[in-house]
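The values are calculated or read from the model by the stated rules, or taken from the named source; none is laboratory data. Just so you know, these numbers come straight off a predicted model, no measurement behind them. Here Cβ is always computed from backbone atoms with ideal geometry, including for glycine, and neighbour counts include all displayed protein chains. Heads up: the accessible areas ignore ligands, DNA and RNA and are worked out on the full protein's heavy atoms, side chains in. Shrake-Rupley method; radii C 1.70, N 1.55, O 1.52, S 1.80 Å.
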Amino acid sequence: MKKSSIYGVLISFLVVLFLLSLAIGSLPFSTCLENFSLCQMVIQELRLPRTLLALIGGATLGLTGATLQGFLRNPLADPGILGISSGAAFGAICPLVFGIGSFSLYIVPLSGMLGSGLVVSILLAMNRWSSKNSAHTILGGIILNSLFGALTILVLNLSKDPYVHMETIFWMLGSLSHHTYGQILLLLPFTGLGWIILWKFRYALDAFSFGEDMAYTLGFKSSEVYKYIVLGLALCIGPLVSLVGIIGFIGLVVPHILRPFVGYKPSTLLLPSALGGACLVLMADLLVRLIPTGIEMKVGVITSLIGAPFFIYVLLQSHKKNHDLF
């Protein structure tokens, strides 16, 4: 299948899901026919912000997953698995618990960005110290994921407000509901700049897939590329997690699905992964609304139910091909 056809399919699928997300919800269609103004208000104030956030968040997670897999040369790389999302969650929760998050709207997303940037910096340093052994980096990321998850719980235990505990636990499961246009506008400058940085260095990902020596001969300095990759990933993941919580496995699943269709060069995978990530998160959010539960299920739960078996599948496939990921 031609790449142009893949883009056409992804964009068409994305448009359909976008429209379905605006149409489907707890408000019955018959009620919309009877009270058009009520239906219009629900779409504008509730469904459209949720849909836009699913599109932005899914695109960000798909893009960062493809970037990490290309840069680390490991198909198991994902912001959630490597602890980047957990670092962002830890960074975001600290100002909320200690009461400094109310001083400025930017404190929480910036703190989340610092947390995710710290984890990415540690991961890339580990990757260099371990002689570019990406398996060691993946294992280190799993350890960092557990560490920052534990630190987040520790910080929560320091809070005396029981409502903070409950709200944080639900927030960490990942949710797209009850967000405003203002919050989305606050998120966009960070994620938009992150997208631009990662896209600018897409050809560096191709060069580094052949090793640092080859990348250097092609004109890419490892120190500069590492610095901008850290910045781009931090800008993408930190503010996003600060707003919607942890939505895992999107960055793992989407590049694997699309790689056979668009090729194995990291630069050719970034844009399709962004489109595919947006589609997958929109699908997960639609499932959340359609599954009948007493309390609305969180999007992160759906993506984990999809992603965890897929993670095992990747491990089994690599074992059959005699590729040692660990």
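Per residue, how big is the convex hull around the C-alpha atoms of the stretch 174-304? Give it to me in cubic angstrom, could you?
Taking the convex hull of the Cα positions in the stretch 174-304, it is 108 Å³ per residue.
Looking only at ALA278, ALA23, ALA204, which one moves most when the chain is put into a Gaussian network model with springs between Cα atoms under 10 Å?
Result for the chain, Cα springs under 10 Å: ALA23 fluctuates most.
How tilted is helix 48-72 with respect to the longest principal axis of the chain? Cα atoms for both, answer in degrees (0 to 90, nearest 10).
10 degrees
How far, in nm, would the chain grow between PHE170 and LEU38 when pulled straight, counting 0.36 nm per residue and subtracting the alpha carbon separation?
44.7 nm
Net charge around GLY232, counting only other residues with Cβ within less than 11 Å of its Cβ (Lys, Arg = +1; Asp, Glu = -1)?
Values: positive: LYS200, ARG202, LYS227; negative: none.
Net charge in that neighbourhood comes out at +3.
For the stretch 29-107, what % of the accessible area comes from carbon and sulfur atoms, probe 1.4 Å?
Using a 1.4 Å probe with all protein chains present, the stretch 29-107 comes out at 69 percent carbon and sulfur.
Evaluate E = 1/(1 + (r/R0)^6) for SER4 and LEU305, where r is the Cβ-Cβ distance and R0 equals 35 Å; express this FRET efficiency to the nearest 0.05. Don't jump to the answer; show the numbers that get you there.
Details: r = 33 Å, r/R0 = 0.95.
Efficiency, from the Cβ-Cβ distance: 0.60.
Tell me the per residue accessible area of the stretch 11-98 using a 1.4 Å probe; a whole number in Å² is fine.
I get 39 Å² per residue for this part.
Can you give the local net charge around LEU96? Use residues other than it whose beta-carbon is closer than 13 angstrom to its beta-carbon, Lys and Arg +1, Asp and Glu -1.
Neighbour charge sum, excluding LEU96 itself: -2.
How large is the accessible surface per residue of the stretch 115-251, computed with a 1.4 Å probe and reported in Å² as a whole number?
On the way: 6720 Å² over 137 residues.
About 49 Å² of surface per residue is accessible.
For the chain, take the longest principal axis of its alpha carbons; what is the angle in degrees between that and the long axis of helix 181-200, to the nearest 10 within 0 to 90?
With rounding to tens, the tilt is 20 degrees.
So, R0 is 41 Å and r is the distance between the beta-carbons of LYS200 and SER26; what FRET efficiency does that work out to, to 0.05? Please report the intermediate quantities before stating the final value.
Numbers: r = 42 Å, r/R0 = 1.03.
Using R0 = 41 Å, I get an efficiency of 0.45.
Per DSSP H run of n ≥ 4, the term is -39500 (n - 2.57); total these for the chain, divide by its residue number, and report the mean residue ellipticity at 222 nm rounded to 500 deg cm²/dmol.
-25500 deg cm²/dmol
Would you pull out the residues with amide H under 5 Å of ILE81's amide H, same chain only if 5 or more places away, H placed 1.01 Å from N?
PHE249
Averaging the inverse of every distinct alpha carbon separation and then flipping it gives the Kirkwood radius. What is it for the stretch 42-90, in angstrom units?
So the Kirkwood estimate lands at 12.2 Å.
From the P(r) of the stretch 227-304, could you give the percentage of C-alpha pairs in the tail past 17 Å?
Value for the stretch 227-304 (Cα pairs over 17 Å): 55 percent.
Roughly how many nanometres apart are two label points built 7 Å out from the Cα toward the Cβ at TYR163 and PHE210?
My value for the distance between the label points is 5.9 nm.
Given Cα pairs under 8 Å that are at least 6 residues apart, what percent is the relative contact order of the chain?
Values: 511 pairs, mean separation 101.1, N = 326.
In percent, rounded to a whole number, it is 31.
Below 8 Å between Cα atoms, with a sequence gap of 6+, how large is the relative contact order for the stretch 125-271 in percent? Spell out each step's value before the answer.
Working: 95 pairs, mean separation 38.3, N = 147.
26 percent.
Students often check this: by mean Cβ neighbours within 10 Å, which of 243-255, 115-127, 150-162 ranks highest, and how do the rest follow?
Values: 243-255: 27.5, 115-127: 23.2, 150-162: 13.3.
Averaged packing, sorted descending, gives the order 243-255, 115-127, 150-162.
To the nearest 0.05, what FRET efficiency results for LEU188 and PHE98 with a Förster distance of 25 Å applied to their C-beta separation?
0.40
Could you work out the relative contact order of the stretch 222-297? I mean the mean sequence separation of Cα pairs under 8 Å and 6+ apart, divided by the number of residues, in percent.
20 percent
What value in Å³ per residue do you get for the convex hull of the alpha-carbon atoms in the chain?
145 Å³
May I ask for the angle, rounded to the nearest 10°, between helix 250-262 and the longest principal axis of the chain, with both axes built from Cα atoms and the value confined to 0 to 90°?
70 degrees
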